[in-house]
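Participant: The following block contains the structure, expressed as structure tokens.
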Amino acid sequence: MKFSTVITAVACAAGLLLQPGLAAAATAQAAPAPFEQPSQMIHSVANALLNEINGHRAELRAHPQQISAIIEKYLLPHFDSALAADLVLGRFGRHASAEQKERFVTAMRNALVKSYGTALLDFHSHMLTVYPTHLRPGTTSATVRTVLTETNGTRLPVDFYVLMTPSGWKVFDLVVEGVSYDMSYRAELAPQLQQVGLDTVIQRLAGGEKLTA
């Protein structure tokens, strides 16, 4: 599977759109709070995101820059960007400074949102089935299993890898049909990191250059 296929599926799955039959853990207006189960966190974010998108899809298509603000508000607080960046950089991040890593996180995140954020507008509540987690107290990592149903009826298994942090459960990787988002992105960027170095890759990402196949 090409990385572009994986990341498009990830962008859609990252919308965290659930089957409507599952009970909400919190409303869109509720203050952020730690959740006992990571599936509860996903459902809470789903409600907030759907409430923001529903009824505004045409407007958001006409003004795609507004999608970035929605993702920043509802999704990114529940994504461990720093850990994901470490996994993507691999050996190329071992000697990177804290400032370089911070710039890479920002550039990578902005590039992915810009390239694939509009994919969220094509997804609705019935397209992603999320299976509830039943974790014991004290569990610090887990996998939330879901199934993404594409418009043509194809069903893709999408697993959210989550970690308990001081601010609650956060996603740090997604696996689509057995293909890791972090590892796929690492494979795509590694040749350029080897050839031109981290600073140049960051500059290219920040400049809007498409670095993936």
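Participant: For region 30-46, give me each residue that is modelled with pLDDT under 75 and either touching a helix residue (DSSP H, G or I) at 6+ places or on another chain (Cβ under 8 Å) or assigned to a loop (DSSP other than H, G, I, E, B) (or both).
Facilitator: Ala30, Ala31, Pro32, Ala33, Pro34
Participant: So, one more: Of all residues in region 182-213, how many are part of a loop (DSSP other than H, G, I, E, B) and under 15 Å from Lys101 (Cβ atoms)?
Facilitator: The qualifying residues number 1.
Participant: Could I ask something else about it? Would you point out the residue of region 144-166, among those that are modelled with pLDDT under 90 and among the hydroxyl-bearing types (Ser, Thr, Tyr), that is nearest to Pro132 (Cα to Cα)?
Facilitator: Ranking the qualifying residues of region 144-166, first place goes to Thr146.
Participant: If you don't mind, another one. Within the set of pairs 6 or more residues apart or between chains, which connect a residue that is on the phi < 0 side of the Ramachandran plot inside region 62-89 to a residue that is polar (S, T, N, Q) with Cβ atoms less than 7 Å apart?
Facilitator: Pro64/Thr118; Ile67/Thr118; Asp80/Thr165
Participant: Next question. Could you count how many residues in region 115-143 are modelled with pLDDT under 90 and touching a strand residue (DSSP E or B) at 6+ places or on another chain (Cβ under 6 Å)?
Facilitator: Summing the residues that are modelled with pLDDT under 90 and touching a strand residue (DSSP E or B) at 6+ places or on another chain (Cβ under 6 Å) in region 115-143 gives 4.
Participant: Search region 129-171 for residues being outside any strand (DSSP E or B) and β-branched (Val, Ile, Thr), and hand back the single one that is nearest to Ala46 (Cα to Cα).
Facilitator: Applying the filter and picking the extreme gives Thr133.
Participant: Is it true that some residue in region 186-201 is modelled with pLDDT under 90 and in contact with a Ser or Thr (Cβ under 8 Å, 6 or more places away or on another chain)? Lay out the reasoning, then the answer.
Facilitator: Looking only at region 186-201, we keep the residues that are modelled with pLDDT under 90, and these are none.
There is no residue in region 186-201 that is modelled with pLDDT under 90 and in contact with a Ser or Thr (Cβ under 8 Å, 6 or more places away or on another chain).
The values are calculated or read from the model by the stated rules, or taken from the named source; none is laboratory data. The structure presented is a predicted model; accordingly, all values stated were derived computationally and were not measured. Here the Cβ is made from the backbone with ideal geometry for all residues, glycine too, and neighbour counts use every protein chain on show.
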